[in-house]
Each structure stands twice: as structure tokens, then as C-alpha cells.
Amino acid sequence: MKATKIKTLLQSKERNLNVTVQGWVKTFRANRFIALNDGSSLNNLQCVVDFEAFEESTLKRITTGAALQIEGLLIESQGGGQEVELQVNTLSIIGDSDPEKYPIQPKKHSLEFLREKAHLRVRTTTFAAIMRVRSALSFAVHKFFQEEGFFYVNTPIITGSDAEGAGEMFRVSTLDLKNTPLNEEGLPNFKEDFFGKETNLTVSGQLEAETYALGLGEVYTFGPTFRAENSNTTRHLAEFWMIEPEMAFYDLTDNMNLAEKFITSVLKDVLERCQEDLKFLDERLAKEDQSKPQAERSPMGLIEKIKFVIDNDFKRVSYTEAFEILRNSKPNKKKKFVFPVNEWGVDLQSEHERYLVEKHFNCPVILYDYPANIKAFYMRRNDDEKTVRAMDILFPGIGEIVGGSQREERLEVLEKRIEEMNIDKEELWWYLDLRRFGSVPHSGFGLGFERLVQFATGMNNIRDVIPFPRTPQNAAF
Ligand code: ATP
Ligand code: MN
């Protein structure tokens, strides 16, 4: 039997309508009121049972977590708190739940506790809201690029090029660990491995996306990305989803303009489509903030923060300007930074990024023209010979949300850089071919999807915005 979604019923203007619903019990009060939720909306449907019409043994089975199918009459609610309710006619228990053992009780659970119950946490109001926002955001991502005329490309997940993230990649191998074939040097012989060479899980689809941009014009990827970095932070996962647009004939300014338009556009979309969920998450964050010391409280609420980002231009600042601001900043002079900012060329740490975004500018910041030495080989060199056309977008509370650049399109300059950085040029023959045949200025960026979901939901820990987080020592489920 096809049931009607609870979301549809809660919005319905019709009354005295006979309907069937299916969902899970959130609570059952006074042997009379079932709060039923089917995941379609934040709010539950109140289903009113005439307990005299049902067997005691049936009523006993209506417990938190149990799955029900209910047929009844949708009427104007008799009580306050909701507009409609369902007068239960027939009720069947599709799946029992043991109330003694079901871990999701109708009370507040800590996020840490729920991480251990990742297979059930989506049955909580908070996680259902987060995951609906996540879904709406991914749809908004595709919608934005498709409407802008971009093509969606799927770059490989198993990659044979290790030019990018040396050291932080997950190896893909079918070699027998107990009986590994060795080469003459006594090292694992990858010639005998599945692909006949060393392969890894991708850390970025950029290099491959570039090949497609130089044929299709404007493309984007949106797929899983893997980093074996052993960083236990609230912003890093070992498996995350990255969005990587790559555009032919774009310079760095075009790239920044696109990134800014993209972020504001998808945020506008969810603000519109996820009003209920965002209102709930906004209140959740406000409550959480209440329990913090004054100094750590957020100056803005969640929805206010999203609107602020949509309504205000991102501040564009060169690395050199940012360096001067940081060098002359109070925390630097008072030696409050763990990494002091004294010499031009230092890499910016998250403490510096946060200072710039949260203390100095108080808005999203695009930093550009970084020192060449702290950036990747493929970024376009500026005429000053010291900086490259890189740009990072920094967000309040998140830090880096986007990393991008204009790519080096000049063959000789790129080859020279590859040699300087001791990267295996042979491996990159296909990448260099792009600079041999119809090379054009082009640009792109990578946006970590979970960091965007963090911003949109106000969740502090990245582990709470992906269904099954993978982090060091943790791949359960
Ligand atoms: P960070 O300095 O925060 O580690 P990064 O410089 O390593 O970031 P890039 O290599 O530029 O990041 O990747 C592009 C984007 O992917 C980042 O801006 C960020 O949004 C996201 N990202 C990078 N690493 C992770 C990770 N381990 N987990 C989740 N998102 C990530
Ligand atoms: Mn990183």
C-alpha cells in the first residue's frame, strides 16, 4: 500500500481525509498520542488512538522506535501544537522495537554517544535535519553547475598518478600482505600487483578534470576523495566529498567570481528549501551556545550567519597584505600564536586563518597570490617570480572551505617547476600534453562538501555531517 508522506499531510489544507501513513514511533503518551515520523519532515504527525478500540497487547507494542502503518482520518487538531492530527482507524505493527534495548530514547543524547550509533542516529531529529540539508545542498550543487552550462565528469577514484598528495594517500593493492612479491631491491614488486603499478585512492580529481575542461570548456566533479592524513581535527575526514569545477579560459579573478557566486547560490537554495530544518538547527545552536562562556559564543545565529554570507561580498586580500596584518596583529606581538608570523613566505596555519576571518575582517575572505613555495606545482607563476595565482576561501568557524588556483598553462614554466619540486615528470606526460596541444589559461577550485554542510548546519564537528565518518582508527559500520 502506498502511504502518504507525513510532510504532505502536515502541509495539507484538506480535512476529513482518509489516509495511510508509515513511519517510526518517536513517543507514545498516555496510551493515546503517537508521535509518528517517516523522515519526510522535521515535525511528527500526531496520531490519536482510542485505546478502548485496541487490544492491550497491541498498545504495548507501540514503543519508541517501532515501525507502524496507520490508516485513519486527517482532522483539524483538537489540541494545540499542531494544525492537523490523525484519528487512528486501523493500526498495524510492521516492526517491533525492544524499548529496553533501543538506544535512541526520547531524550537528549550527546553527539559523541550518537557517533557510536551511526546506524541509528538518523532517527534523531537533529541528524535527520542535518541529512536533509545535506541532500538539498548536493542537489543545489548540481543545479547550479548544470544551469551555468557546466558538464559533470566522473574522475577516477583509483589513481595511478601520485604527483599530488605524496605521503597522504591510501594504497590500493591486491598483493598478498603475508607473502608479498619482492623486486631486486627487496621492496614490494608492484609489477605483480593488480594494475601492474602502484595505485592509490584519489586525493583530488583536479588533474583529470583539467583534461576534460580543455575539451568540454566548463566541467565539475563531485565525488569521494581520500586522504590518509593523521589529523584528528573537527574539519578533517579520511573520506570526504569534494566538488571540483575546472574552467577553460578563466583567469584567477573569474575563478574567484565563480566560487563566490557558487557558494552564495547553493546557500540561498537551502535557505529557501530547508526552512524548517534550518530553524531547528538554528535553535539547537543557540541552546548549545548558551552553555558556553560568553567569549566563545557566536555573535550570530545560524540563519543570520548564512544570510550574512549571501548578502555580503567576500573580502579579497593578497597573501602579502594578510601577512602584514598578521605580523602586526596583537596575538602575534604578544606571542599568542603557536606559529609566529615573522617572515614573508610562512604557510598560514588555521590559527592565522581564524584570526583573519573571525577577528580582523569578520566575513568570508579570499586570500590570493600565495608564495610559490607553499603551493602545488601546477599553480600559475606570477611575474614577480615569487608568488603563484592561488586562492583559498576562508569561512568563519570553518577555516579553509575552498582551495583553488589558475593553472600554469605554459609548458616550459610548468616543466621547470616540476623539476624544481622533484616530481616524476614521466608520470605526468599526459598532463603535460595539455600544454602541448591547444593550451589555454584555465582555472579551478576544490570545495570540501562536508565543510559546506558544516557551515550550513552549524555543526561543529565534521563527523556529524556525513553519514558514516572515516577518521583515524575509525571505520566502523
Ligand atoms: P586543509 O588545510 O584544511 O587541510 P587543504 O589545503 O589540504 O585543506 P585542499 O587540498 O586545497 O585542502 O582541498 C580542497 C578542499 O577540500 C579544502 O578547501 C577543504 O574544503 C576540503 N578538504 C581538504 N582536506 C579535507 C579533509 N581531510 N576532510 C574534509 N575536507 C577536506
Ligand atoms: Mn589538508
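The values are calculated or read from the model by the stated rules, or taken from the named source; none is laboratory data. Quantities reported herein were computed from a predicted structural model and do not represent experimental measurements. All Cβ positions, even for glycine, are placed from backbone atoms using ideal geometry, and neighbour counts span all protein chains on display. Please note that ligands, DNA and RNA were not included when accessible areas were found on the heavy atoms of the full protein model with its side chains. Shrake-Rupley method; radii C 1.70, N 1.55, O 1.52, S 1.80 Å.
Residue 384 contributes an accessible area of around 80 Å² to the protein surface, as traced by a 1.4 Å probe with all chains present. Using R0 = 30 Å, the C-beta based FRET efficiency linking residue 283 and residue 30 works out to 0.70. Backbone geometry of segment 288-293 corresponds, through the Karplus equation with coefficients 6.51, -1.76 and 1.60 at θ = phi - 60°, to 3J(HN,Hα) couplings of 4, 4, 4, 7, 9, x Hz, x marking Gly and Pro.
Only protein heavy atoms count here; under a 1.4 Å probe, residue 233 has an accessible surface of about 40 Å². With the charge dipole of segment 6-102 set up from +1 on Lys and Arg Cβ and -1 on Asp and Glu Cβ about the Cα centre, the Cα lying farthest toward the positive end among the listed residues 86, 57, 45 is that of 45. Each semi-axis of the equivalent ellipsoid for the chain is √(5λ) with λ an eigenvalue of the Cα gyration tensor; in descending order they amount to 48, 27, 22 Å. Scanning residues 5 or more positions from residue 388 or on other chains, those with amide H under 5 Å from its amide H are 370, 372, 382, with H placed 1.01 Å from N in the peptide plane.
Residues within the reach of a label modelled at residue 87 (point 7 angstrom out along Cα to beta-carbon, backbone nitrogen below 13 Å), restricted to segment 12-33, are 15-19. Here each label is just a point 7 Å from Cα along the line to Cβ, and for residue 339 and residue 109 those points are 3.7 nm apart. The equivalent ellipsoid of segment 6-102 has semi-axes of 21, 15, 12 Å, largest first, where each one is the square root of 5 times an eigenvalue of the Cα gyration tensor. Separation of segment 383-432 from segment 198-244 is 15 Å, based on Cα centroids.
Estimated at 0.36 nm per residue, the fully extended path between residue 320 and residue 290 surpasses their Cα-Cα distance by 7.0 nm.
A Förster distance of 35 Å, applied to the separation of the beta-carbon atoms of residue 433 and residue 178, puts the FRET efficiency at 0.30. Remark: for residue pairs 336/359; 305/335; 5/26; 336/375, the C-alpha separation exceeds 19 Å in 305/335; 336/375. In the full protein context, the chain carries 51 Å² of accessible surface per residue, based on a 1.4 Å probe and ignoring ligands, DNA and RNA.
Stretching residue 157 away from residue 139 to a fully extended chain increases their span by 4.3 nm, per 0.36 nm per residue minus the current alpha-carbon distance.
Applying 1/(1 + (r/R0)^6) with R0 = 30 Å to the Cβ-Cβ distance of residue 198 and residue 477 gives a FRET efficiency near 0.55.
A crude spin-label estimate for the pair residue 351 and residue 170, with each label 7 Å from Cα along the Cβ direction, gives 3.2 nm. What part of the accessible area of segment 48-133, given as a whole %, is carbon or sulfur when the probe is 1.4 angstrom? Ligands and nucleic acids excluded, carbon and sulfur give 49 percent.
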